[in-house]
Amino acid sequence: MTDCGCDKAKAELEEFLHNELDAQQCQDIRDHMANCDDCSAEHLVGLTLTTKVKEACQEKAPDELKQLIVGAIDRLDARA
Ligand SMILES: [Zn+2]
């Protein structure tokens with residue numbers, strides 16, 4: 001099994017979130033995250049932020065958004 005590694009996964013995570021990678025690159029990152037808690041946690045944070053920022057543009061829920069971001073950062077810090 002090939003693993004693209006954390007460096008590549010993290011470098012491409014933002015493009016992955018924005019669906020800017022080709023199918024093979026997406027698959028590489030998905031495969032990596034399936035086996036890497038660190039990268040999958042980072043992906044979850046990125047996904048949450050991307051989704052919430054999009055939602056916040058449509059409806060204002062600043063307190064909820066702030067709590068989600070703070071909670072996500074706390075979870076990442078707790079792993080470090
Ligand atoms: Zn990783």
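The values are calculated or read from the model by the stated rules, or taken from the named source; none is laboratory data. All values reported here derive from a predicted model rather than from experimental measurement. For neighbour counting, all protein chains shown are included, and Cβ atoms are generated from backbone atoms with ideal geometry for every residue, glycine included.
Details
- Any chance ASP31 is surrounded by 10 or more Cβ atoms within 10 Å (Cβ to Cβ) and either acidic (Asp, Glu) or in contact with a strand residue (DSSP E or B) (Cβ under 8 Å, 6 or more places away or on another chain) (or both): yes
- Being near the ligand (Cβ under 10 Å from one of its atoms) and not aliphatic (A, V, I, L, M) is a property that does not hold for GLU15.
- Filter result for LYS66 (loosely packed, with under 13 Cβ neighbours inside 10 Å and closer than 22 Å to PHE16 by Cβ): no
- Failed condition for ARG79, given (1) farther than 13 Å from LEU13 by Cα; (2) at pLDDT 90 or above; (3) within 16 Å of the ligand (Cβ to nearest atom): (2)
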